1. Only helices (runs of 4 or more DSSP H) wholly contained in segment 1-60 count here; list those with 3 or more residues that are at pLDDT 85 or above and touching a Gly at 6+ places or on another chain (Cβ under 9 Å).
2. If we scan segment 292-303, do we find a residue that is in contact with a Gly (Cβ under 6 Å, 6 or more places away or on another chain) and either part of a loop (DSSP other than H, G, I, E, B) or of a type outside the set (G, A, S) (or both)?
3. Against the definition (touching a residue at least 24 places away in the same chain (Cβ under 8 Å), farther than 16 Å from D223 by Cα and surrounded by 14 or more Cβ atoms within 10 Å (Cβ to Cβ)), how does L308 come out, yes or no?
4. Scan (1) at pLDDT below 90; (2) buried (at least 20 other Cβ atoms within 10 Å of the Cβ); (3) among the polar types (S, T, N, Q) for the single condition S88 breaks and write down its number.
5. Yes or no: L213 under 20 Å from the mean Cα position of the chain (by Cα) and crowded, with 21+ Cβ neighbours inside 10 Å?
6. Tell me which residues, restricted to segment 279-291, are within 21 Å of I217 (Cα to Cα) and either in a helix (DSSP H, G or I) or within 24 Å of the chain's Cα centre (by Cα) (or both).
7. Check whether at least one residue in segment 296-310 is within 24 Å of T164 (Cβ to Cβ) and over 20 Å from the mean Cα position of the chain (by Cα), and report yes or no.
8. Is it the case, given these coordinates, that E149 is part of a helix (DSSP H, G or I), closer than 30 Å to I18 by Cα, in contact with a Gly (Cβ under 8 Å, 6 or more places away or on another chain) and not small (G, A, S)?
Amino acid sequence: MAEFFPPVTNLNELYKAIQPELDEVEVLLRQIGRSSNPLIAEINSYLFQKGGKRIRPALLLSCSRLFGAKNGDAVFWSAMVEVIHTASLIHDDIIDNSPLRRGQDTIHAKWGPNITVLLGDFLYIKAIAMALKTEHHHIIGILADVSAELVEGELIEYSWSGRTELTEPTYFEILNKKTAGLFAAACGIGGVLGNASAEEEAQLRDFGRNLGLAFQIIDDVLDFTGDEAELGKPVLSDLREGRITLPLVDTLGRADEVSRRELIELIKNRRWEKDSVGRVLDIVRANGAFDYALGKAAEFSRTAKNILDHFPESESRAMLNRLADFILQRKK
């Protein structure tokens, strides 16, 4: 039986036990961003300002601590995972032509797409190059595989941009290759650093994958229901960029024919005035798609927490359990 914990109000409270290591990750990220080239240094300084949830480093650090591991290797690999995640976001924003991320201009909005795509490539290559200087060949393989999956997931997602016939299995294929894949990799690497058995490593990867699926579904729901000031971007940003997510997939599958046709027309017109946005929200809400998506996220979160029951009780296991709860409760 998974433990019950009081709600977590913020990540600072949740990360208290690993905050010193997370601070070291921030220092290393800024070091990685330094360059003798003024342009690269300027962009990386903007890019690696302290911010973001740093969930992937937190997962790696906590999973390594499940086995009592506390060493600089975990900090290094946490930074590598975050660099790969950052590179994927850079490419994601270019493809989607997103002007904002976390309320700030995206890199391509400030420096243009040509420079930005090269920076994303630079970060991918730099992370792998730094990883290759270590002796952790198994971890290098994990990072190489997840990097390839991220790009593949991006290609699949782009091929379905704006297409209302996207199915739920394809939606989850995209999530598995993108968000969930990197969550799984972070958890698996933490296990490797803690000298986990092959079975334990697989369990941690499964935990991370389920957590990542829950995280992304909540992200997709917040794109409809969240507060713009908290999100740092307009409501329906995903749809404006052509991304069809679970609330829409479910609505298109269960709505009556009149509502379905109206929704398809609104999506195809791509005119996002206040009335159009409101009508999309009304149709999705009326068909119970938000409840359906939140139910799916809760299911993945429960599965993740149940996997943790295979590991002995510890402060790290408690933190991972609470993180699974926080992901369902978050507002941004």
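The values are calculated or read from the model by the stated rules, or taken from the named source; none is laboratory data. These numbers come from a predicted model, not from an experiment. Cβ coordinates were reconstructed from backbone atoms using ideal geometry, including for glycine residues, and neighbour counts include every protein chain displayed.
1. Details: elements: 11-14, 19-32, 38-47.
Because the criterion is at least 3 residues that are at pLDDT 85 or above and touching a Gly at 6+ places or on another chain (Cβ under 9 Å), the helices (runs of 4 or more DSSP H) in segment 1-60 that meet it are 38-47.
2. Restricting attention to segment 292-303, the residues satisfying the condition of being in contact with a Gly (Cβ under 6 Å, 6 or more places away or on another chain) are none.
No, the conditions are met nowhere in segment 292-303.
3. On the way: touching a residue at least 24 places away in the same chain (Cβ under 8 Å): yes; farther than 16 Å from D223 by Cα: yes; surrounded by 14 or more Cβ atoms within 10 Å (Cβ to Cβ): yes.
Spelling it out, L308 is indeed touching a residue at least 24 places away in the same chain (Cβ under 8 Å), farther than 16 Å from D223 by Cα and surrounded by 14 or more Cβ atoms within 10 Å (Cβ to Cβ).
4. That leaves (1) as the condition not met.
5. Details: under 20 Å from the mean Cα position of the chain (by Cα): yes; crowded, with 21+ Cβ neighbours inside 10 Å: yes.
Spelling it out, L213 is indeed under 20 Å from the mean Cα position of the chain (by Cα) and crowded, with 21+ Cβ neighbours inside 10 Å.
6. Pass one, segment 279-291, residues within 21 Å of I217 (Cα to Cα): 280-291.
Hits for segment 279-291 are V280, L281, D282, I283, V284, R285, A286, A289, F290, D291.
7. Going residue by residue through segment 296-310, those that are within 24 Å of T164 (Cβ to Cβ) are 296-297.
Next, from what is left, pick out any that are over 20 Å from the mean Cα position of the chain (by Cα): none.
Checked against the condition, which is being within 24 Å of T164 (Cβ to Cβ) and over 20 Å from the mean Cα position of the chain (by Cα), segment 296-310 yields no hits at all.
8. Taking the combined requirement at face value, the residue satisfies it.
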